[in-house]
Each structure stands twice: as structure tokens, then as C-alpha cells.
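Note sheet for the following structure.
The values are calculated or read from the model by the stated rules, or taken from the named source; none is laboratory data. Everything numeric in this text was worked out from a predicted model, so none of it was measured. All Cβ positions, glycine included, derive from the backbone under ideal geometry; neighbour counts span all protein chains shown.
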Amino acid sequence: MLIAGKVDVTETLTSPLLKIWINLCSRSKEKSLLTPLLNKLSKFYSELALANQLLVAQQGNGAAKETAKMLAKYQMSGWRHRGYSGNDVFELLGPIRDSRDSQGAVE
């Protein structure tokens, strides 16, 4: 319900339902709200899609930007915890592309 019908992470992060969900989670024994939120998002998006969506959400402003930054750091921390090397992450995310270059190469 929290993510249903949402096209991108920014839409989810600015949802009034998310604020209610965070309020409910804060009453639970969960130490970090990032764990359940990232788990929910990870079930809806692939790791690559989620990483890209979080990158886009970080370009905005407001609460979604700050939450996206925290989630991206938490996602990277999870990769480290699972033993991903820097090269593994680069392979997962693919080549770095400059949006100004139509061929996708960074100059």
C-alpha cells in the first residue's frame, strides 16, 4: 500500500502515507527506520533501479532528498556488509554516464 502505484522513489518519499508509516514504526522496537523502509523498497525495485531512483531523489529538495541520501548510504552499507567490493558495486551499477553525452561516455 505504501509503494503501490508509485512510479518513482521520490513519489514514495513524499507520500503522506510514508509519514504515517514512519510514525508507526518509530513506536516499534526497530532501531532504525531505514531498515524496514529499504526492505520495502527493495521488494518493489531491483538494486540497480533503487540505486538510480535514490540518486534522482537526491537531486530534489526537502524531506525526500534527505531521506534518499540516508537510504543510499544505508544501501551501500548493506552492500559492504554482504561483502561487495568497490568493483562489485561498479559492475552492479554499470558505467558512469554524463547526462550531457548522448553516447553515455564521460569525457
Considering only the stretch 79-86, I want to know if a residue exists there that is surrounded by 12 or more Cβ atoms within 10 Å (Cβ to Cβ), among the hydroxyl-bearing types (Ser, Thr, Tyr) and under 16 Å from Leu48 (Cα atoms).
yes
Give the residue that is modelled with the lowest pLDDT, with candidates limited to residues of the stretch 61-94 that are more than 16 Å from Leu18 (Cβ to Cβ) and among the charged types (D, E, K, R).
Glu91
Search result, residues across the stretch 43-65 that are in a helix (DSSP H, G or I) and either loosely packed, with under 14 Cβ neighbours inside 10 Å or of a type in the set (A, V, I, L, M) (or both)
Lys43, Leu48, Ala49, Leu50, Ala51, Leu54, Leu55, Val56, Ala57, Ala63, Ala64
Are there any pairs, at least 6 apart or on different chains, whose C-beta atoms fall under 9 Å, with the first in the stretch 48-65 and free of Cβ contacts under 8 Å to residues at least 12 places away in the same chain and the second of a type in the set (D, E, K, R), and if so, which?
Gln59/Lys65
